[in-house]
Amino acid sequence: IQTTSIIAVLTSASLAAGLALQGSLANFAGGVLILVLKPFVVGDYIIEDTHGNEGTVIHISTVYTKLKTIDNKTIVIPNGTLANSSLTNLTHMDKRMIDLKIGVSYDTDLKKAKDVMTEVLMAEEARILEEPVKVFVSELGASEVTIGCRFWVKTEDYWEAKWRVTENLKNALDEHQIEIPFQQIDVNLKK
């Protein structure tokens, strides 16, 4: 038996094994990085930015991470993907800013609209009192003036507070006859 043939067979087998294990080794290395650096832990809500997968982390192993979505599905993501792409951790910090934008008509008294919106934000029970409330003209759009609202809540109160304030803003603006316009086009006919 020629030694060059044996070396060629061993080299080919090593190359094939290396290529076959490449993904698994990348996932293992990614898992080690995640477990050591802890960009997220079990219980965090994350969004994997590359593919848009998101959910609550329920399990981290050395090869993959499991997420539970809000509609109770399980997503299994290889750790190599998580270690080599950007992700957003929504629950890592203890507080979050709620940032809303509401459009009002160009005919609206902006001071009145801002006062009404500020009143709604100040009355929000989940608002962190030590943090400022901001109400400001954000943009002059094609058919509306966009007013921005920002305030801080504890992370665990984020969604409930956002939904509640959005509804309360709509009701308060309606109560004060402040129009929230819809997209419309004025057509002028020339004879």
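Observations
- Ordered from largest to smallest accessible area (heavy atoms of protein chains, 1.4 Å probe), the residues 127, 150 come out as 150, 127.
- Helix axis angle, 3-37 relative to the chain longest principal axis, alpha carbon, degrees: 30 degrees
- Computed accessible area, residue 94, all protein chains, 1.4 angstrom probe, square angstrom: 120 Å²
- The chain - Debye-derived log10 I(q)/I(0), Cα point model, q = 0.09 Å⁻¹: -0.57
- Our summary gives the chain a relative contact order of 17 percent, counting only alpha carbon pairs under 8 angstrom and 6 or more residues apart.
- Take residue 147: with every protein chain present and a 1.4 Å probe, its accessible area is about 0 Å².
- Set of aspartates and glutamates with alpha-carbon distance to residue 134 below 17 Å, sequence-local pairs under 8 removed: 99, 115, 119, 124, 125
- The range 82-143: radius of gyration over Cα atoms, expressed as a fraction of 2.2 N^0.38 Å: 1.55
- Accessible-area order (highest first, 1.4 angstrom probe) of the listed residues 97, 117: 97, 117
- Computed with a 1.4 Å probe over protein heavy atoms only, the accessible area of residue 9 comes to about 100 Å².
The values are calculated or read from the model by the stated rules, or taken from the named source; none is laboratory data. Bear in mind the structure is a predicted one, so any value in this text is a computation, not a measurement. Accessible surface is based on the protein model in full, side chains and every heavy atom, while ligands, DNA and RNA are left aside. Shrake-Rupley method; radii C 1.70, N 1.55, O 1.52, S 1.80 Å.
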